[in-house]
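Structure, as structure tokens:
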Amino acid sequence: MGRIFARTFQLLLFVVVVGVAGGFLWLRSSLPQTDGQLALPGLSAPVQVTRDTNGIPTIRAQNDKDGAFALGFVHAQDRLFQMDLMRRYGVGRLAEWFGAPAVQSDRSMRTMGLRRAAEAQYASMAPEIRGVFDAYAAGVNAFLTSRRGALPPEYTLLRVHAEPWTAVDSLVWGKIMDMQLTGNYRFELLRSRLARDLKPEDMAVLYPDYPAEAPVVLGKLGVILPGVPRQEPASNQWVVDGAHSASGKPILANDTHLGFSSPGVWYLARIVTPDETMAGVTSAGEPMVLIGHNTHIAWGFTTTGGDVEDIFVEKIDPADPARYLAPDGSLPFVTRDEKILVKDADAVTVTVRETRHGPVIADPADGTVLALQATWQQAEDGTPQALWEAGHAHDWDGFKNAMRNAVAPEQNITYADIDGHIGFFAPAVIPIRGAGTGSMPSPGWTGEYDWKGTVPFDELPIGTDPASGRFFAANNKIVPDSYPYLITKDWEIPYRAQRIGELLDASPKLTPDLAAKMQSDTLSIAARRLLPLMLTVNPGSGTAQDAVTRLRAWDMRMTRDSTAPLLFIAWLREFNRQLFANKMHDSFDSYWSLHPDVAENILRDHRDWCDNRETPEVESCEQQLNVALERALDGLSQRYGGTLDSWRWGTAHPASFSHPIWSRVPFVAKWLALTIPDDGSFDTIDNASMFVRDEAQPFTAVHGPTMRMIVDMAAPDDARFMVTPGQSGNILSPHYGDLMRSWRDVGYVHFSDDASGGSLTLAPR
């Protein structure tokens with residue numbers, strides 16, 4: 001019996017091992033074919049796809065449509081699940097895969113109507129651009145029909161399949177970016193909640209005006225506008241002309257900041273045709289290079305933060321709940337029913353209501369509803385055409401004119417060309433309001449606050465070849481107070497822009513190496529401004545005294561091997577809690593951040609804010625700072641143990657690239673985690689922002705430079721790039737997270753003719 005049991009156990013073990021090995025080999029068949037030849041329908045001529053050692057493809061095609069086809073093919077090879085999940089999120093179909101927990105997300109996206117907006121956008125596209133998007137979709141579908149192995153492992157885990165791709169799916173990606181990069185309506189709602197409990201003078205403290213002495217991208221607009229007398233977004237960009245570069249040609253640098261994720265937002269690719277070479281960052285789902293260079297020009301983006309959304313409070317008609325009040329009488333809600341299919345549950349039907357301003361996004365049940373008006377909801381949105389034509393421009397006039405079709409999101413665009421010109425432009429459809437600033441919800445029934453028009457294209461913020469020889473932007477204010485139109489009231493704190501200006505001043509002849517050093521800069525302007533005000537405390541405990549001593553000796557650089565950055569951020573976090581929690585009550589969590597500008601404003605000019613109005617005593621700022629410091633140190637001790645000597649910023653502040661599926665699977669999540677101790681902080685050029693309101697991981701870096709680029713127009717083909725965490729979205733690929741360390745250390749890759757990663761020919765069938 002013992003021998004029988006042993007042999008049975010061995011047999012079962014053998015079956016399990018063979019099963020696991022077989023399953024693993026099957027899943028490995030989801031990795032892309034990178035060598036050989038494939039005959040595919042939809043091509044007009046052969047296309048060669050070579051990959052370098054990092055898995056970065058170079059596509060050589062005979063025309064733009066074949067290039068777009070091949071880009072769709074390689075995107076699907078490396079990022080299919082990411083693309084599929086993105087479109088399901090955008091059109092409100094997550095519940096089909098994830099069941100009831102996803103219904104609320106689907107309900108929101110159906111209300112926003114991104115799919116309907118994308119369909120209208122596709123119908124209005126120029127035939128040439130529509131052909132590019134159709135070719136890209138054909139490339140994605142060619143991969144789906146030609147693949148010989150498994151789909152990416154996520155499909156096996158979820159037991160789902162991939163549906164054919166359409167051009168409209170690509171346009172939905174653009175609408176998602178519109179919504180995410182122009183989320184001003186969230187600020188409106190938060191301000192509205194705070195205004196219920198706080199006085200106007202309190203609101204002015206919480207939302208200070210842009211500092212008068214801070215950098216403004218376009219200092220004077222008299223030449224541009226004749227006759228005129230006068231998010232969590234983050235990104236950096238600068239461009240200098242040849243007189244301010246060592247090569248004698250312009251140098252352009254850009255790093256765009258988005259949420260850290262695995263796979264990342266960006267995908268590096270180069271597309272070569274007989275007419276053009278395009279190189280830079282693409283996004284899986286889109287058929288073009290979005291940021292990069294061609295043979296004549298280079299361009300980079302940062303988010304402007306233009307206020308292109310408004311919340312309107314609509315009054316329901318008391319005589320008929322199917323109608324709402326308007327200036328000329330009541331109007332009927334336009335309604336449609338949306339059916340949401342739900343895995344393992346009954347379908348849910350959602351009735352979407354729309355007003356003359358836009359979809360109803362909330363119903364407070366007080367006789368009103370909230371409607372969202374946004375520029376990106378309009379049917380005729382030529383932004384894809386603008387991006388395509390701008391990327392194929394050869395000079396400033398061609399680039400600028402291409403942007404006439406841009407609608408949303410508004411982006412600060414820096415430009416450089418091989419002829420020595422540099423430029424700055426912030427094109428978009430920007431509303432002109434009849435009244436108000438759009439900073440809080442407005443009455444919808446009067447018509448007083450309605451949009452009366454848009455800023456004329458020729459009067460949008462723009463500049464070229466300035467006397468200073470440079471442009472730089474970091475989501476800071478881009479126009480002077482004399483500018484006649486409202487772009488936004490919510491400019492980013494100008495710390496990063498200030499630091500970029502300082503470093504450019506220190507480098508009269510910029511080089512790519514100096515630009516790279518700038519992109520790695522970790523000096524904190526927030527610490528430089530705040531610490532002299534915070535270090536007025538008289539710490540009581542020995543640990544607090546030690547912390548203050550270390551902060552006084554600190555060089556203000558947010559380096560991962562240092563203790564002081566952790567002390568500073570933890571202290572500022574708790575100081576915010578001391579200042580605001582007792583005044584904001586239920587709204588505090590929504591407002592809670594580091595707010596260094598508000599803290600400085602209070603410590604300099606509004607010290608009465610340090611008093612806790614709910615206690616009979618009058619607390620001073622020094623008392624609140626002392627309490628905040630002790631709380632911060634207690635929290636750090638509980639989290640990291642030991643003493644201050646063992647605490648490190650990088651330990652508390654790893655860059656974390658979460659996966660939408662694997663990061664939620666027990667055991668697997670830890671095994672596949674992509675994290676790395678990081679430098680930088682929310683205000684440094686080498687950016688690494690956190691959600692300090694997250695009590696579980698308040699210091700983890702979750703937002704920062706998801707790509708970097710440096711282009712010297714003396715040699716654009718030698719441009720430097722970086723994306724993170726890797727090119728592939730497949731956990732079994734060697735390129736899933738192989739760029740993380742180089743990215744963290746501000747290293748770069750170059751496009752080259754290296755084909756060590758494979759050479760694949762796509763031939764017409």
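Each value in this text was obtained by applying a stated rule to the coordinates, not by laboratory testing. Every value quoted in this text rests on a predicted model; they were computed, and no experiment measured them. Note that each Cβ is placed from the backbone with ideal geometry, even for glycine, and that neighbours are counted across all protein chains shown.
Counting beta carbons within 10 Å around each of His244, His75, His735 and listing the fewest first gives the order His244, His735, His75.
Largest first and in whole Å, the equivalent-ellipsoid semi-axes of the range 309-377 read 25, 15, 11, each the square root of five times a Cα gyration tensor eigenvalue.
Averaged over residues, the count of other Cβ atoms within 10 Å places the peptides 610-620, 397-407 in the sequence 397-407, 610-620, highest first. Taken over the alpha carbons of the range 650-690 as equal point scatterers, the Debye sum produces base-10 log I(q)/I(0) values at 0.19 Å⁻¹ of -0.60. Distances between placed amide hydrogens fall under 5 Å for Leu268 paired with Thr282, all partners being 5 or more residues away or on another chain. With contributions of -39500 (n - 2.57) from each DSSP H run of at least four residues, the per-residue ellipticity at 222 nm computed over the chain stands at -10500 deg cm²/dmol.
Using the Karplus relation 6.51 cos²θ - 1.76 cosθ + 1.60 with θ = phi - 60°, the per-residue 3J(HN,Hα) values for the range 324-338 come to 9, 7, 9, x, 9, x, 7, 10, x, 4, 7, 10, 8, 9, 10 Hz, with x marking Gly and Pro. Taking amide H as placed 1.01 Å from N in the peptide plane, the amide H of Thr50 sits under 5 Å from that of Thr58, Arg60, Leu760, each at least 5 places away or on another chain.
List the chymotrypsin sites (Phe, Trp or Tyr not before Pro) within the range 39-85 that DSSP assigns to loop and that have no more than 11 neighbouring Cβ atoms inside 10 Å.
On the way: sites: Phe69, Phe73, Phe81; in loops: none.
Filter output for the range 39-85: empty list.
Please state the shape class of the range 689-735: rounded when a/c is under 1.5, otherwise prolate if a/b exceeds b/c and oblate if not, all from the C-alpha gyration tensor.
Numbers: a/c = 6.70, a/b = 1.66, b/c = 4.03.
Oblate.
On a C-alpha basis, how far is the centre of the range 35-69 from the centre of the range 82-133 in Å? Whole number, if you could? Measuring centre to centre over Cα atoms gives 27 Å.
What does the C-alpha gyration tensor say about the overall shape of the range 429-500? Classify as rounded when a/c is under 1.5, otherwise prolate if a/b is larger than b/c, or oblate. Verdict is oblate for the range 429-500. Largest first and in whole Å, the equivalent-ellipsoid semi-axes of the range 271-331 read 50, 14, 10, each the square root of five times a Cα gyration tensor eigenvalue.
Fewest to most neighbouring Cβ within 10 Å: what's the order for His606, His585, His421, His293?
Fewest-to-most Cβ neighbours within 10 Å comes out as His585, His606, His421, His293.
Legend: P(r) of the range 471-606 from all alpha carbon pair distances, 5 Å bins from 0, whole percents, reading 2, 8, 14, 16, 17, 16, 13, 7, 4, 2, 0, 0.
Arg433's amide H: which non-local residues (gap 5+, or another chain) put their own amide H closer than 5 Å, with H modeled 1.01 Å from N in plane and none for Pro or chain starts? Long-range HN contacts for Arg433: Lys452. Placing a pseudo-label 7 Å from each Cα along the Cα-to-Cβ vector at Asp202 and Asn63 gives an inter-label distance of 6.6 nm. Between Tyr136, Gly149, Thr111, the Cα set farthest toward the positive side of the dipole of the range 111-159 (charges on each charged residue's Cβ, about the Cα centre) is that of Gly149. Taking the inverse of the mean reciprocal distance over all distinct Cα pairs, the Kirkwood hydrodynamic radius of the range 123-164 comes to 12.2 Å. Cα gyration tensor of the chain, axes a ≥ b ≥ c as square roots of the eigenvalues: rounded (a/c below 1.5), prolate (a/b > b/c) or oblate? Rounded, since a/c falls under 1.5. Segment Lys670..Arg639, full-extension length gain: 9.3 nm, with 0.36 nm per residue of separation and the alpha-carbon distance subtracted.
Kindly put Leu625, Leu158, Leu206 in sequence by how many other C-beta atoms sit within 10 Å of each C-beta, fewest to most.
Numbers: Leu625 25, Leu158 14, Leu206 21.
Lowest to highest Cβ neighbour count: Leu158, Leu206, Leu625.
The convex hull around the C-alpha trace of the range 706-764, projected and averaged over every direction, spans 5.8 square nanometres. The HN-Hα couplings worked out from phi for the range 282-296 by the Karplus form 6.51 cos²θ - 1.76 cosθ + 1.60 (θ = phi - 60°) are 10, 10, 4, x, 10, x, 8, 6, 8, 9, x, 8, 10, 6, 10 Hz, whole numbers, x standing for Gly and Pro.
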